[in-house]
Every structure is written in structure tokens, then in C-alpha cells.
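I'd like to ask you about the structure that follows.
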Amino acid sequence: MSAAPHPAARDAAAEILALILWGEAAHRPVRAIEALAALVMNRARAGVPHWGQGVAGVCRAPFQFPCWNRNHPRHARLRDIPPGDGALAICRRVAARAVAGALPDPTGGATHFHDAAALPGWAIGRPASAEIGGFCFYRAEDLT
């Protein structure tokens with residue numbers, strides 16, 4: 001049995017997750033924010049090395065979330081979040097629930113996603129497990 005993460009580590013992971021949620025989905029409905037948080041938790045549980053280890057590692061893994069890429073325009077927005085931003089407050093609540101294990105997974109176990117307005121090559125001909133708030137979600141087993 002593994003020990004529960006130290007509260008400070010859990011809080012740090014929740015804050016990093018909240019920033020990813022804000023950077024990727026702040027303009028979307030709360031259900032989309034929750035679905036993206038569930039995806040991060042699914043990746044953290046899966047333990048796939050290139051996805052990173054733990055919640056913070058998954059959030060910071062290279063080339064996984066555009067807002068964390070220093071060369072992407074969304075990354076600059078993360079440094080300029082207005083004080084008292086309501087969307088960030090929502091993202092923090094969702095992230096805290098996710099890290100605490102209290103967030104249901106509406107994606108059906110998804111580990112991949114994309115904006116519904118785009119169709120990346122990896123998703124062509126693949127069944128989405130869910131479409132929520134303008135995001136399409138996929139389970140890894142459906143991508144092989």
C-alpha cells in the first residue's frame with residue numbers, strides 16, 4: 001500500500017493541474033474542465049513514462065498540453081492571469097476535487113483529447129469515448 005501524498009505535495013499538484021485546466025479550458029463549460037481534469041488523472045494512474053509521473057509530471061510532460069509549452073501563445077497567458085480571475089477559481093476547485101479522488105470521470109477513461117473544431121491525424125477513424133464542452137476524448141486502447 002502506498003502512502004498518501006503529503007498535503008503540501010497534493011496542494012502543489014492541484015495548483016499545477018489548475019493552471020493546465022485554466023490554460024487549456026478556462027473559456028469552456030465546467031463539464032469540459034472536469035473532463036480534462038479526469039483525463040490528467042487517468043494519465044497519472046496509467047503510469048506511461050512519456051506522460052510523466054504523478055499529476056504534476058503529467059501536466060508538465062513535454063508536448064502534452066500546449067499551454068505548458070514555453071513557445072506556445074497560451075503559455076504567456078499563464079503568467080498574466082488577472083488577480084481574482086473567476087475561471088481560475090473554478091479550475092482550482094475542480095483540480096482539488098480531482099487530486100483528492102472526488103471527481104467522477106465523464107470521459108470513460110480517456111487519456112487523449114483534442115479540440116472538436118480540429119481533427120488531428122492520430123484521431124482520424126478512431127471512436128471518441130466522449131465529446132464534452134468542445135473537446136473530443138479517446139481511450140488509449142481505442143487508438144491502437
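The values are calculated or read from the model by the stated rules, or taken from the named source; none is laboratory data. These figures come from a predicted structure and were not determined experimentally. As a convention, Cβ positions derive from the backbone with ideal geometry for all residues, glycine included, and neighbour counts pool all protein chains shown.
Would you pick out the residues in segment 86-117 that are farther than 15 Å from Ala25 by Cβ, among the hydrophobic types (A, V, I, L, M, F, W, C) and part of a loop (DSSP other than H, G, I, E, B)?
Ala100, Ala102
Based on this model, can you work out whether Pro66 counts as surrounded by fewer than 17 Cβ atoms within 10 Å (Cβ to Cβ) and modelled with pLDDT of 95 or more?
Details: surrounded by fewer than 17 Cβ atoms within 10 Å (Cβ to Cβ): yes; modelled with pLDDT of 95 or more: no.
It is false that Pro66 is surrounded by fewer than 17 Cβ atoms within 10 Å (Cβ to Cβ) and modelled with pLDDT of 95 or more.
Anything in segment 24-38 that is modelled with pLDDT under 95 and either under 13 Å from Asp85 (Cβ atoms) or not in a helix (DSSP H, G or I) (or both)? List them, or say none.
Ala26, His27
So how many residues does segment 107-129 have that are surrounded by fewer than 17 Cβ atoms within 10 Å (Cβ to Cβ) and either among the acidic types (Asp, Glu) or closer than 19 Å to Val94 by Cβ (or both)?
Total meeting the criteria: 2.
Between residues in segment 5-21 that are under 22 Å from Ala32 (Cα atoms) and among the polar types (S, T, N, Q) and residues that are surrounded by 14 or more Cβ atoms within 10 Å (Cβ to Cβ) and modelled with pLDDT of 95 or more, which pairs lie under 8 Å by C-beta distance while being six or more apart or on different chains?
That search, which allows pairs on different chains as well, returns nothing.
Can you name the number of the only condition in (1) free of Cβ contacts under 8 Å to residues at least 60 places away in the same chain; (2) part of a helix (DSSP H, G or I); (3) closer than 20 Å to Ala14 by Cα that Pro62 fails?
(2)
Could you list, in sequence order, all residues of segment 118-144 that are in contact (Cβ under 8 Å) with a residue 24 or more places away in the chain and either assigned to a strand (DSSP E or B) or among the acidic types (Asp, Glu) (or both)? Break it down stepwise before answering.
Step one: list which residues in segment 118-144 are in contact (Cβ under 8 Å) with a residue 24 or more places away in the chain, which gives 130, 132-135, 137-140, 143.
Within segment 118-144, Ala130, Ile132, Phe135, Phe137, Tyr138 meet the criteria.
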